[in-house]
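Before any comments, here is the structure.
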Amino acid sequence: MLNNMILEKEQAFMIDGPVGQLELMVHRAGQEGALAALGLLAVICHPHPQHGGTMDNKVVTTLMRTYRDLGIQVVRFNFRGVGKSQGSFAHAIGEQDDLLAVLAWANNQWPEYGVLLAGFSFGSSVAAQVSYKLSVRHLTLVAPPVERYPYACDNAFGCPLCVIQGGEDERVNAEGVYAWVKTLSSPSELISYPKAGHFFHGYLSELKTDLTQVLLRQLE
């Protein structure tokens, strides 16, 4: 088991996955963060593997810094077939197994930590679907393509939810996302940037600030 006292600020690991090794990065929580006392772990899923999505995507790393600076331990990882992760693309089905393997590994390291899930675009569907398979404290979905992948069961999640969407998204139907959020019966907040595109260029600092405030409200 890893020890927070000796864990480097950022550390790479290769772990056993469903179809081979999976590549991940662990980011040590900032001990001065506002939520450090809660003992939380966030795992982040990257965008579509067949369209250049990796754990180094700028939205993914912005999410990582948001959680880390709040005092939350963070894991980001590459789905099968991306970077050093073995295997090949599996249409958001095998990728759920990848996420579950990462969560099982993380739970072995920090068994007492509450789990938060986040995902950007394709990765948001993977996170959403896996949120029903284990206990999750919070879910963050960025630019979720809700018209192309499964998300909520019976219009509800088992935890508070934050959805982040750009109004000029060139890959996701923003109006469809806004309408979908209104159908949810579980606690949810929408962060909308009317002029932002899919990758939130020019809005990442604002995204970090706004998500921080939502997490403080929904988790404290």
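Every read-out reported here was derived from the displayed coordinates using simple, explicitly stated rules and does not represent laboratory data. As the structure is a computational prediction, the values presented were derived from the model and not from experiment. No Cβ is skipped: glycine too gets one built from the backbone with ideal geometry, and neighbour counts run over all protein chains shown.
Quick rundown of the values:
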item	result
Where a label projected 7 Å from the Cα of L134 along Cα→Cβ would reach, residues of segment 95-118 with amide N under 13 Å	96-118
Among S188, S135, S121: highest mean-square fluctuation, GNM of the chain, C-alpha pairs under 10 Å	S135
Choice from Q50, Q129, Q86 with maximal GNM fluctuation in the chain (Cα, 10 Å cutoff)	Q50
Theoretical ellipticity at 222 nm over the chain - DSSP helices of four or more residues, -39500 (n - 2.57) apiece, nearest 500	-9000 deg cm²/dmol
Built amide H within the under 5 Å cut-off of G17, gap 5+	L22
Net lengthening on full extension, Q86/E112 (0.36 nm per residue, minus Cα-Cα)	6.4 nm
The chain, dipole about Cα centre (Lys/Arg Cβ +1, Asp/Glu Cβ -1), debye to the nearest 20	100 debye
Label selected from [x] 17.5, 56; [y] 17.8, 51; [z] 15.9, 46, the criterion being Rg and Dmax of the Cα atoms in Å as computed here	[z]
Table column - 3J(HN,Hα) (Hz), segment 193-202, Karplus curve with 6.51, -1.76, 1.60, x for Gly and Pro	10, x, 9, 8, x, 4, 9, 6, 4, x
Fraction of antiparallel bridges per DSSP, the chain only, in percent to nearest 5	35 percent
